[in-house]
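The values are calculated or read from the model by the stated rules, or taken from the named source; none is laboratory data. Remember, predicted model here, so these are calculated numbers, not experimental data. So basically every Cβ, Gly included, is an ideal-geometry build from the backbone, and we count neighbours across all protein chains shown. Ligands, DNA and RNA are stripped out before the accessible areas are found, and what is left, the full protein with its side chains, is counted by its heavy atoms. Shrake-Rupley method; radii C 1.70, N 1.55, O 1.52, S 1.80 Å.
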Amino acid sequence: MHSFGFRANAVVTFAVTILAVVCAMASLSDNFNVPSPTAGVKVLNINWFQKQPNGNDEVSLTLNISADLQSLFTWNTKQVFVFVTAEYETPQNALNQVSLWDGIIPSKEHAQFSIHTTNKYRFVDQASHNNLRGKDFNLTLHWHIMPKTGKMSADKIVLTGYHLPNEYR
Ligand SMILES: *[C@@H]1O[C@H](CO)[C@@H](O)[C@H](O)[C@H]1NC(C)=O
Ligand SMILES: *[C@@H]1O[C@H](CO)[C@@H](O)[C@H](O)[C@H]1NC(C)=O
């Protein structure tokens, strides 16, 4: 007959083993989680498009930003920082990146959203004059995943084929 103490000890050992296996599986599942985020941005309106007194072009847009980033969330995700940039080429720079909007997604429940907004940050071409008229640009949804433990990771979805008008309005 085993003593009560021995059996209790065996039960605790077994429980600790199970816990270790579950933790290892959770950790593996995080590494093997293949996220499949989706995003779409529609330019609903060009509110105005002007040359500023200093010569820089500026445009105001109304956007519909929709995304489903639920698959980025695992047991190890603290929050996700998300931002949309306008990206375009100019003779001066191969890549100009202007941040238009950002947000923090605190949980998986908030990771599927559709936001109707004007650009939160100014869409100004800093580089030179008349750069934005007739400009083709991309809208890129970037995200940074802040984990509970481990390294931050980042990725993006590039949406192509946007175009600014040839004339100010
Ligand atoms: C924004 O886009 C989403 C997804 O395409 C759509 O369901 C929603 O109706 C759109 N909202 C506006 C104001 O266009
Ligand atoms: C838009 O994105 C595509 C695909 O990544 C890229 O080939 C193209 O150069 C980009 N266009 C601009 C204007 O940055």
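Residues in the stretch 43-62 that are free of Cβ contacts under 8 Å to residues at least 60 places away in the same chain and either within 15 Å of H163 (Cβ to Cβ) or away from ligand 1 (no atom under 16 Å from the Cβ) (or both): N45, P53, N54.
No other residue among E109, E167 is exposed (fewer than 14 other Cβ atoms within 10 Å of the Cβ) and assigned to a helix (DSSP H, G or I) apart from E109.
Looking at the structure I just gave you, is F123 within 16 Å of ligand 2 (Cβ to nearest atom), touching a residue at least 40 places away in the same chain (Cβ under 8 Å) and within 15 Å of L63 (Cβ to Cβ)? Judged against the criteria, F123 is a match. Checked against the criteria, I157 counts as within 16 Å of ligand 1 (Cβ to nearest atom), surrounded by 13 or more Cβ atoms within 10 Å (Cβ to Cβ), among the β-branched types (V, I, T) and modelled with pLDDT of 95 or more.
Restricting attention to the stretch 60-75, which residues are of a type in the set (F, W, Y) and touching a strand residue (DSSP E or B) at 6+ places or on another chain (Cβ under 8 Å)? Scanning the stretch 60-75 gives a single hit, F73. Checked against the criterion of being modelled with pLDDT of 95 or more and either within 25 Å of N131 (Cα to Cα) or among the aliphatic types (A, V, I, L, M) (or both), the candidates D68, D102 yield just one match: D102. Against the definition (open to solvent by less than 90 Å² (accessible area, probe 1.4 Å) and out of contact with any Asp or Glu (no Cβ under 6 Å at 6 or more places or on another chain)), how does T140 come out, yes or no? Considered against the rule, which asks whether it is open to solvent by less than 90 Å² (accessible area, probe 1.4 Å) and out of contact with any Asp or Glu (no Cβ under 6 Å at 6 or more places or on another chain), T140 comes out as no. Taking the criterion of being of a type outside the set (F, W, Y), open to solvent by less than 30 Å² (accessible area, probe 1.4 Å) and assigned to a strand (DSSP E or B), the residues of the stretch 89-101 that qualify are N96, V98, L100.
Per the listing V84, V80, the residue uniquely within 14 Å of L159 (Cβ to Cβ) and either within 16 Å of ligand 1 (Cβ to nearest atom) or touching a residue at least 40 places away in the same chain (Cβ under 8 Å) (or both) is V84.
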